[in-house]
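Reviewing the structure listed below.
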Amino acid sequence: MCGNNMSVPLLTDAVTVPAGERETAAVIFLHGLGDSGHGWAESLSAIKLPHVKYICPHAPRIPVTLNMKMVMPAWFDLMGLSPDAPEDEAGIKKATDSIKSIIEHEVKNGIPANRIVLGGFSQGGALSLYTALTCQHKLAGVVGLSCWLPLHKTFPQAACGINKDISILQCHGEADPMIPVRFGTLTSEKLKSVVTPSKIQFKTYPGVMHSTNQEEMMAVKDFLEKVIPRV
C-alpha cells in the first residue's frame with residue numbers, strides 16, 4: 001500500500017497560483033465532483049500566504065454511476081453517498097497514484113514533502129485524506145472540506161504509518177444535504193484510529209450547505225499558517 005506507482009502520468013492539467021516571494025511550501029488542492037481547479041485557485045488566492053505555491057489540478061472526465069453514467073470531471077467513480085455504498089477501489093487507488101506523482105514532482109523541484117499540504121473539497125477532500133494516509137512521504141498536513149474517508153473499512157491497516165502524526169483540519173457544513181455532517185463526524189472518529197487524535201480538528205458550521213463560507217476559509221488560512229509557516 002505504501003509503494004508508489006511512478007508510471008502514472010503527471011496531472012499537468014492544473015491551475016497554479018505561484019507564490020508572491022520565494023516558494024518554500026506548496027498546497028495541492030483537489031476540487032469536488034463535476035468541478036475544475038479554477039474556482040478553488042480563486043478561493044485560495046483570497047487567503048494566499050506569500051511563500052506558498054497553490055496547485056489546483058483538474059480531475060479527468062469519466063462516467064459517474066451516481067449521475068446516471070454522465071461523463072464529468074471526477075477523481076474516481078461514485079456509486080452512492082452513504083457510508084455503506086460500494087466503492088470504486090481501483091479508481092481511488094489510480095487517482096491516489098496521480099496525486100502522489102504531483103507530490104513527487106514538487107519534492108524533485110525542491111519543496112520538501114514536510115512543507116506540502118494536501119487538501120480538497122467533497123470528493124477531492126476524500127481523495128486528499130486517502131492519499132495522505134497512504135503516502136510514503138511525511139507531509140505537513142491535510143485539509144478535508146465537506147468530505148469523507150474512502151475505503152474506510154481498510155483503515156487503520158491500509159495506512160502507511162509515516163503520517164501517523166499528521167495535522168488534519170476537517171470542516172463541514174451542518175446543513176449539508178449531499179454529504180451529511182454525520183458522515184464528517186464518523187470520518188473524524190475513524191481518523192482518530194489512524195492518526196494521533198490530538199492532531200485532528202473537526203469544525204462544523206451552522207447553516208452551511210455543501211459549500212464553504214468566509215469563516216471556514218479563514219480556518220483554512222490559520223491552519224496553513226501553523227503547518228507551513230514562513231521559513
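The values are calculated or read from the model by the stated rules, or taken from the named source; none is laboratory data. From a predicted model like this one, the values you see are computed outputs, not experimental measurements. Here the Cβ positions follow ideal geometry from the backbone for every residue, glycine too, while neighbour counts run over all protein chains shown.
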Being out of contact with any Pro (no Cβ under 7 Å at 6 or more places or on another chain) and either crowded, with 24+ Cβ neighbours inside 10 Å or of a type in the set (Gly, Ala, Ser) (or both) is true for just one of Cys160, Cys135. Which residue is that? Cys135
Of the residues that sit in the range 36-82 and are of a type outside the set (Phe, Trp, Tyr), in contact with a Phe, Trp or Tyr (Cβ under 8 Å, 6 or more places away or on another chain) and in a helix (DSSP H, G or I), which one is surrounded by the fewest Cβ atoms within 10 Å (Cβ to Cβ)? Ser45
Filtered residues of the range 176-202 (kept if within 18 Å of Gln123 (Cα to Cα), surrounded by 15 or more Cβ atoms within 10 Å (Cβ to Cβ) and not aromatic (Phe, Trp, Tyr)): Asp176, Ile179, Pro180, Val181, Gly184, Leu186, Thr187, Ser188, Lys190, Leu191
So which of Trp75, Trp40 is of a type in the set (Phe, Trp, Tyr), within 23 Å of Ile228 (Cα to Cα) and under 16 Å from the mean Cα position of the chain (by Cα)? Trp40
Among the residues of the range 207-231, how many are part of a loop (DSSP other than H, G, I, E, B) and not aliphatic (A, V, I, L, M)? 7
With in contact with a strand residue (DSSP E or B) (Cβ under 7 Å, 6 or more places away or on another chain), in a strand (DSSP E or B) and under 25 Å from Ala90 (Cβ atoms) as the only criterion, which of Leu129, Leu118, Leu139, Leu169 stands out? Leu118
Determine whether Leu145 is over 10 Å from the mean Cα position of the chain (by Cα) and either within 21 Å of Pro60 (Cα to Cα) or modelled with pLDDT of 95 or more (or both). no
Output for the range 42-64, where each listed residue is basic (Lys, Arg) and within 16 Å of Val27 (Cβ to Cβ): Lys48, Lys53
Scanning the range 190-208 residue by residue, those over 23 Å from Lys226 (Cα atoms), free of Cβ contacts under 8 Å to residues at least 40 places away in the same chain and not small (Gly, Ala, Ser) turn out to be Pro206, Val208
Among the residues of the range 83-111, what is the count of those that are touching a strand residue (DSSP E or B) at 6+ places or on another chain (Cβ under 9 Å), within 27 Å of Ser188 (Cβ to Cβ) and not in a helix (DSSP H, G or I)? 3
Do you know which residues across the range 172-197 are out of contact with any Pro (no Cβ under 7 Å at 6 or more places or on another chain) and part of a loop (DSSP other than H, G, I, E, B)? Ala175, Asp176, Pro177, Met178, Ile179, Pro180, Lys192, Val195, Thr196
Suppose the filter is modelled with pLDDT of 95 or more and among the hydroxyl-bearing types (Ser, Thr, Tyr); does Thr12 pass it? no
Can you name the condition, by its number, that Pro156 falls short on among (1) within 21 Å of Ile28 (Cα to Cα); (2) modelled with pLDDT under 95? (1)
Within the range 108-161, how many residues turn out to be among the hydroxyl-bearing types (Ser, Thr, Tyr) and free of Cβ contacts under 8 Å to residues at least 60 places away in the same chain? 3
